[in-house]
Structures are given as C-alpha cells and as structure tokens.
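Where a number appears in this text, it was derived from the coordinates with a stated rule and is not lab data. None of the values given here were measured: they were computed from a predicted structure. Don't worry about glycine lacking a Cβ; one is built from the backbone with ideal geometry, like all the others, and counts go over all protein chains shown.
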Amino acid sequence: MLGAPGAGKGTQAKKLIEEFGIPQISTGDILRANIAQGTPLGKEAKGFMDRGELVPDKVVLGLVEDRLKQPDCKKGFILDGFPRNTAQAQALDGMLAGIGMPLQLAVSVDVPFEDLMKRLTGRRTCRTCGQMYNVYFTPSKKEGVCDKDGGELFQRDDDKEETIKKRLQVYESQTAPLIDYYSGKGIVRKIAGTGSISDIYGKIKAELEKTK
Ligand code: AMP
Ligand code: ZN
C-alpha cells in the first residue's frame with residue numbers, strides 16, 4: 001500500500017486482512033509497539049517519529065526481515081507504510097527474491113493535499129481495540145469513547161500539526177518517488193482515495209481481482 005500519511009492505507013489494509021486472512025505488516029505499528037513496550041529499538045526510533053522523520057533504514061529493514069520470516073506470511077502479506085524510500089524498496093526486492101515472493105501489486109491511494117491535513121489532525125484511535133475514528137468525518141457516538149468497547153480514544157503523538165507538516169514533506173521528497181520505481185516494474189495501480197471507506201475498498205478489490 002502506497003500513499004501519503006492520512007491516505008487511509010492502514011484502514012484499507014485492515015479490511016483486506018479481515019477478508020483475505022493474510023497479515024498486514026505495518027512498520028509504523030511495529031515501531032509504536034516497541035515504544036509502548038520500552039524496548040531499546042523503540043527508544044532509538046521515538047525521536048525520529050516524534051519529529052516526523054524517517055527512522056533509519058537499518059532499523060526498519062531488520063524489523064521487516066524478521067517479520068517476513070514468521071509462518072503467517074507464507075500465504076502472502078500486505079505491506080503498509082513500508083518501503084518509505086528507494087533504498088528500502090531495493091532492500092525489499094532483495095528480501096522478497098530470497099523467499100521467492102516478489103511484490104505483485106503496489107496500490108497507490110491518492111488523496112488531495114488539503115484533505116490529508118484534516119484526516120490526520122482529526123484522527124483518533126481506541127486504546128483498547130485499535131479502532132480508528134475521525135472527529136471530522138467518522139466521529140464516535142460519544143466524544144473520546146470507542147463505540148465498540150468503551151475504550152479511551154487518543155491522538156497519536158505524531159498527528160500534531162507541526163509533525164504532520166514534516167511527515168507530508170518527507171512523503172513528497174522520499175516516498176512519492178516510489179510510485180515511479182514501481183511503475184517501472186509495471187505493478188502500480190492508482191486508486192482515488194476520496195469517498196467512503198467501502199467505495200475505496202471496492203476499487204482496491206477490483207484491482208486485486210484483475211491481478212489474480
Ligand atoms: P506511519 O504509522 O506509517 O505513518 O509511521 C509513523 C512514523 O514511523 C513515521 O513518520 C516514521 O517516523 C516511522 N516509520 C514508519 N514506517 C517507516 C519506514 N518504513 N521507514 C522509516 N520510518 C518509518
Ligand atoms: Zn475500542
């Protein structure tokens with residue numbers, strides 16, 4: 001899944017997991033879990049993340065390499081938030097060649113810049129179940145409380161306005177060039193990331209069906 005922060009990659013990936021039963025590998029989620037558990041890796045990553053910068057490639061590549069070795073990846077996987085730059089993409093090609101599972105599709109979810117800002121500043125996540133809401137577009141019934149389990153909703157540290165600006169700049173300069181990288185391999189499918197979550201999901205599924 002390619003796309004700017006706030007394009008809805010994570011939301012769509014979670015729907016794909018439910019339907020196809022293959023894991024989502026989100027480097028952002030793995031890094032946040034390491035921070036929450038206070039691991040050395042989490043401590044190393046936190047400063048970069050709070051500033052909206054990329055965590056060094058060496059750290060992220062190690063995480064992905066370990067994750068791809070887990071048995072649940074044998075049937076396939078969805079990469080979300082990885083790769084983030086050309087060096088990571090090249091390293092990924094090497095890893096996937098090693099396990100004989102080349103990337104089949106790079107789905108680019110495109111959302112206009114102005115919309116991304118509202119999506120990111122409005123984003124809230126349930127502490128208990130991870131369900132995501134947006135105070136502008138998909139609010140919970142009761143402010144700050146999860147509809148599913150009554151858990152507390154929180155805002156990610158890096159969803160504050162200054163950090164968001166930096167993350168969008170990093171996306172433009174380092175990650176957006178990957179669309180050309182994968183276009184060169186003939187595997188990019190561009191999807192308009194505006195409209196309802198289920199409309200967008202329908203478009204992604206249509207592309208997957210064509211690839212089967
Ligand atoms: P995300 O949840 O994908 O938006 O990621 C949140 C933050 O984690 C990013 O702003 C980066 O600091 C870091 N991060 C996540 N994935 C990567 C990656 N593949 N390479 C470098 N940094 C990453
Ligand atoms: Zn919840």
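Which whole-number percentage describes the relative contact order of the chain, with Cα contacts under 8 Å and a sequence gap of 6 or more? Provide the component values of the computation, followed by the final result.
Working: 270 pairs, mean separation 59.4, N = 212.
Relative contact order for the chain comes out at 28 percent.
Could I get the Rg over Rh figure for the chain? Both from C-alpha atoms, Rh via Kirkwood, rounded to two places.
Expressed as Rg/Rh, it is 0.94.
Once the dipole of the chain is set up with Lys and Arg at +1 and Asp and Glu at -1 on Cβ about the Cα centre, which of 132, 37, 55 lies farthest towards its positive end?
Checking the options against the dipole of the chain, the answer is 132.
Charges at C-beta only: +1 for Lys and Arg, -1 for Asp and Glu. How large is the resulting dipole of the range 59-170 about its Cα centre, in Debye rounded to 20? Working shown, then result.
Details: 18 positive and 17 negative charges, 32 e Å.
I would put it at about 160 debye.
At 0.36 nm per residue, and after removing the present C-alpha to C-alpha distance, how many nm does the segment from residue 156 to residue 48 gain when stretched out fully?
Numbers: separation 108, 0.36 × 108 = 38.88 nm, distance 1.42 nm.
Between residue 156 and residue 48, full extension yields an extra 37.5 nm.
Using 0.36 nm per residue, how much length does the chain from residue 149 to residue 166 gain when fully extended, once their Cα-Cα distance is taken away?
Stretched out fully, the residue 149 to residue 166 stretch lengthens by 2.8 nm.
Mean Kyte-Doolittle hydropathy of -0.5 or higher plus an axial Cα length of 15 Å or more: which whole DSSP H helices in the chain meet both?
On the way: long enough: 9-20 (16 Å, -0.87); 40-51 (18 Å, -0.95); 57-68 (16 Å, 0.39); 86-98 (18 Å, 0.36); 197-211 (22 Å, -0.42).
Within the chain the helices that satisfy the rule are 57-68, 86-98, 197-211.
Could you give me D for the range 3-59, from Stokes-Einstein at 25 °C and 0.890 mPa s, where the hydrodynamic radius is the Kirkwood radius over C-alpha pairs? Units µm² s⁻¹, please. Spell out each step's value before the answer.
Numbers: Rh = 12.6 Å.
Answer, rounded: 194 µm²/s.
Per DSSP H run of n ≥ 4, the term is -39500 (n - 2.57); total these for the chain, divide by its residue number, and report the mean residue ellipticity at 222 nm rounded to 500 deg cm²/dmol.
Values: 9 runs with 100 residues, N = 212.
Counting only the DSSP helices, I get -14500 deg cm²/dmol.
In Å and on Cα atoms, what radius of gyration and Dmax does the range 162-212 show?
13.9, 42
Which of the peptides 195-207, 118-130 is most tightly packed, and how do the rest follow, judged by the mean count of other Cβ atoms within 10 Å per residue? It would help to have the intermediate numbers written out before the result.
Numbers: 195-207: 13.8, 118-130: 17.3.
Ranking the peptides 195-207, 118-130 by packing returns 118-130, 195-207.
Note down the nm distance, to one decimal, between modelled labels 7 Å out along Cα→Cβ at residue 66 and at residue 138.
Between residue 66 and residue 138, the simple spin-label model gives 3.0 nm.
Can you give me the distance in nm between label points at residue 73 and residue 183, each placed 7 Å from the Cα along the Cα-to-Cβ direction?
Inter-label distance under the simple model: 2.9 nm.
Give, rounded to the nearest 20 debye, the magnitude of the charge dipole that the chain has about its Cα centre when Lys and Arg contribute +1 at Cβ and Asp and Glu contribute -1 at Cβ.
On the way: 33 positive and 29 negative charges, 57 e Å.
The dipole magnitude comes to about 280 debye.
Zone of residue 205 (label point 7 Å along Cα→Cβ, backbone N under 13 Å): which residues in the range 1-38?
In the range 1-38, the label zone of residue 205 (backbone N under 13 Å from the point 7 Å along Cα→Cβ) covers 15-21.
Which of the lysines could a cross-linker bridge to residue 75, judged by Cα under 27 Å and excluding same-chain residues fewer than eight apart?
9, 14, 15, 58, 185, 190, 203, 205, 210, 212
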